[in-house]
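One structure is given below, encoded as structure tokens.
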Amino acid sequence: MKPYIFVFLMSLLLLNAVNISYSQDTINTDSNNTQNIHDSFFVRSLFYFGYKHLSKSHSGDDDGEEYKIDGYGYNARFQFGFAPVVNNYIFFDFGYGFALDPDTDKENIKQYFNDADTALYTYDFGLGYCRYINPSDVYFSLSILTSRNDYIYSDYKIHYDWCIGLAFTVGKEWWFSDNFGLGVSVLGRISVHDSKFTNITDYYAGIGISAACDL
């Protein structure tokens, strides 16, 4: 079994274990409590600001090419799915992120761009699981993703290999009706590509806001 699949499955078990102590409270919640019950289809959009890092080594090169790219940037995510069990969602997860003018320690890139505008873009998609803890509407979500990065300057582009990774989110939402809420959350995301000649590590950490709707 691939290590990322194993980590994903074990994390799902952990998320369920965290919420076991809250299950009976949810069942016995007073009828006057205004908590939202998540038991249908849903959509959620999230927008983050944080720190982005990418490193690459290519052992196939004569000089053993290795470099890093770091910067602050944004990550926007869109999720939609359904709840097969109350307060438990299975969802599709799509993300798009970018860092403008990131720093790099690769000298030939520095010399070529010569302080010109550069950008590092990230695209990812995958499948996730979300667990709400009621009545607080705190949630944990975990996604297994495939992702790709592009380093771009004008018409010059570096396309990196596709990576496999995980995204973990912890958030808190405030629901203003039975089907609409706003929230805040933190995101941690990591992906890697590991082959015979190329190794890529990409991670992002950010804090952001969200809007969610139960359909």
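Which numbered condition trips up Y132, out of (1) open to solvent by less than 10 Å² (accessible area, probe 1.4 Å); (2) over 17 Å from G73 (Cβ atoms); (3) under 14 Å from the mean Cα position of the chain (by Cα); (4) among the hydroxyl-bearing types (S, T, Y)?
It fails just one condition, (3).
Of the conditions (1) part of a loop (DSSP other than H, G, I, E, B); (2) at pLDDT 90 or above; (3) of a type in the set (D, E), D62 satisfies every one except a single condition; which number is it?
(2)
Any residue at all in region 174-192 that is of a type in the set (D, E) and crowded, with 21+ Cβ neighbours inside 10 Å?
No, region 174-192 contains no residue that is of a type in the set (D, E) and crowded, with 21+ Cβ neighbours inside 10 Å.
Can we say I209 is closer than 30 Å to D103 by Cα, free of Cβ contacts under 8 Å to residues at least 60 places away in the same chain and assigned to a strand (DSSP E or B)?
no
Residues of region 121-162 being of a type in the set (F, W, Y), assigned to a strand (DSSP E or B) and under 19 Å from L100 (Cβ atoms), which ones?
Y121, Y123, Y151, Y153, Y156
The values are calculated or read from the model by the stated rules, or taken from the named source; none is laboratory data. Just so you know, these numbers come straight off a predicted model, no measurement behind them. Note that we place each Cβ from the backbone using ideal geometry, even for glycine, and neighbour counts take in every protein chain shown. Note: accessible area is taken over every heavy atom of the protein model, side chains too, but ligands, DNA and RNA are not part of it. Shrake-Rupley method; radii C 1.70, N 1.55, O 1.52, S 1.80 Å.
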